[in-house]
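Peer 1: The structure is given below, and queries will be raised subsequently.
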Amino acid sequence: MMESSLKIVGNEQSEWALTTQLFEEYKNYQYDSAYVYAHKLQEFAINSGRRSEIAKAQIALLHCYKSVGFFNEAVDVIRSFDATDVPEYLCGDFYFLCAETYQNLSSYVEGTATLSKEYDDKKQMYYDLVLQCAEPDSYLYGYALLEKELSEHYSDSLAIHGRRAFIDSNTWDDHQKAVQYSILSEAYNALTLYDEAVIYRAQSAIFDIRSCTHETTSAKILAGHMYARNLIDRAHRYIQQAQYDAEFYNSRLRKTEINSLLPIIENSRYNWLKNQRLWLFIVLCAIVLLLGICLTLLLILRSRNRSLAQAHEELEEKTKLLRDSNDSLTVANEKLREANEIKDQYIIQSLYGNTAFVNEVNEAVNEAVRDITLKRPDEARTTLYHIGIKKERARIAASFDTAFLKLFPNWLDEFNSLFPKESQIRLAEDGTMPMDVRIFALMRLGFDNAAEVAEYLNLSIDTVYVYKARLKGKALVDKEEFDSRIMAIPKH
């Protein structure tokens, strides 16, 4: 998007700003593109003649050269830099890149004491200049100050705890954290604390990924740690990532560093794969041998299994028959248990009701006998007429309702669920059920003959049918389904 905008910008100042922004986006992402925009900045700066813009262009070029290992070109830029009329913050950025350049040169000639010392001295000189130009609370100032202290008064505590304190001192961006964690990992590695070194090297690699940085060393060094731990597969994956980053960024320096380790890891991985194939071949041979043994045993057992399978089928059939019989017996037992409970409840209620009726009849007969003895026939007739048959029938009905509702406590709720709200049934004030509901209660107990129901309730058969038809006509379910829904109402 910004590259497209750069093509249509007509304002020189806007073009400079967009080019600067594009360089910042690409400087750690891809060298070729970064160099193109750094070169454009140089052209703009030369045309404008402004010292600040020339300094920014030199900073961009120096970053490109030191990142890919063009040290001759980097040193030429350093030598040509003129700090006259350049803002201090730009001088600080430039001097910091100079220090990094000589740090890379020192690492490149490691083992040559004279050159290493020369480059280290120049690095410290530029860190001093950074401290003079950078803001005290800036990343560059803190970084340069810590490096200066380590150079002059090195201690393990400063290298570890000082670095960690610097990391925690501010919310640095992801690329800055990646750099600091990389340096911290080196400090732990120098103390042979390899586990901590791996942890912080991995964190550095993670922050490189987050910041879209391809100009990095963490993946390559992490591959070396994995190789030292004989984790060849991981080492191979990390060195491949490092090689991809180096080629994507087009960093000659990183490619050279990776090429010193890549053949070693590749050779170890080749040997590792070769050993894996050998073990795989041995395992396959063992599997084939076991398969042969298993096949032989299978042929021996197969003939025996045929007879066992036949016996098993016969046993399955008998088991199925037995299971069906058990199921039928279970259903019969459940019905018998329900019937017994019904009988028990009804017998208890009947005993209470019949005892009371017998007592009343006995008292009425004794009174009638007294009236006849005293030659009072009218009084005797009246006593016998009011013997209480109607009252006893009501008591029998109430006794039945009480016994039934104890056996079926949810009867009324389940029964009403079959009707709309306006047609639902309520018990009378004395707790008895309406006659039509009592008919279906008897049906739930097993009275499926209308004549038996009519005789028990002292009704005509036609009246029983009328009651049933009237209730079914109000129900929410089909008339054909109504009886089965009544019979499905559970006892508890």
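Peer 1: In angstroms, what radius of gyration and Dmax does the range 196-241 have, counting Cα atoms only?
Peer 2: 10.0, 30
Peer 1: Report the Rg/Rh value for the range 1-124, based on alpha-carbon coordinates and the Kirkwood definition of Rh.
Peer 2: 1.03
Peer 1: Pop out the carbon and sulfur fraction of the accessible area of the chain as a percent, whole number, probe 1.4 Å.
Peer 2: Whole-percent figure for carbon plus sulfur exposure: 55.
Peer 1: Let me ask another. Once Lys and Arg get +1 and Asp and Glu get -1 on their Cβ, which of F96, L158, Q58 lies farthest toward the positive end of the dipole of the chain?
Peer 2: Checked the options; the winner is L158.
Peer 1: Given axes a ≥ b ≥ c from the Cα gyration tensor, I'd like to know whether the range 406-492 is rounded (a/c under 1.5), prolate (a/b larger than b/c) or oblate.
Peer 2: It is rounded, given that a/c, with a ≥ b ≥ c, falls under 1.5.
Peer 1: What FRET efficiency, computed as 1/(1 + (r/R0)^6) with R0 = 56 Å and r the Cβ-Cβ distance, is obtained for T330 and L295, rounded to the nearest 0.05?
Peer 2: FRET efficiency, T330 to L295: 0.75.
Peer 1: Could you state the principal axis extents of the C-alpha atoms in the range 97-223, from the largest down, to the nearest angstrom?
Peer 2: Largest first, the range 97-223 extends 35, 32, 30 Å along its Cα principal axes.
Peer 1: Moving to a separate point now. Report the trypsin sites (Lys or Arg not before Pro) located in the range 1-102 that are in a DSSP loop and have at most 15 other Cβ atoms inside 10 Å of their Cβ, or state none.
Peer 2: Hits after loop and neighbour filter: R50.
Peer 1: To continue, here is another question. Are there any GluC sites (Glu not before Pro) in the range 37-116 that are in a DSSP loop and have at most 15 other Cβ atoms within 10 Å? List them by number.
Peer 2: E110
Peer 1: Just tell me which aspartates and glutamates come within less than 17 Å, Cα to Cα, of K318; anything on the same chain fewer than 8 places away is out.
Peer 2: Here the aspartates and glutamates satisfying the reach criterion relative to K318 are D327.
Peer 1: Averaged per residue, what accessible surface does the range 120-238 expose to a 1.4 Å probe, in Å²?
Peer 2: Here the residues of the range 120-238 average 50 Å² of exposed surface.
Peer 1: What whole-number value in Å² describes the accessible area per residue of the range 434-492 for a 1.4 Å probe?
Peer 2: Roughly 56 Å² per residue, with all protein chains present.
Peer 1: Student exercise: in the range 382-492, how many lysine pairs 8 or more apart or on different chains have Cα atoms under 16 Å apart?
Peer 2: 4
Peer 1: Next question. At most 13 other Cβ atoms within 10 Å and a DSSP loop assignment: could you name the trypsin sites (Lys or Arg not before Pro) in the range 158-187 that fit?
Peer 2: Qualifying residues, ordered by number: none.
Peer 1: List the lysines whose alpha-carbon lies under 25 Å from that of K56, not counting same-chain residues fewer than 8 positions away?
Peer 2: K7, K27, K40, K66, K122, K123, K177
The values are calculated or read from the model by the stated rules, or taken from the named source; none is laboratory data. Remember, it's a predicted structure, so these values are computed and weren't measured experimentally. Using ideal geometry, Cβ is built from the backbone for each residue, glycine included, and neighbour counts are taken over all protein chains shown. To get the accessible areas, we keep the full protein, side chains included, count just its heavy atoms, and leave off ligands, DNA and RNA. Shrake-Rupley method; radii C 1.70, N 1.55, O 1.52, S 1.80 Å.
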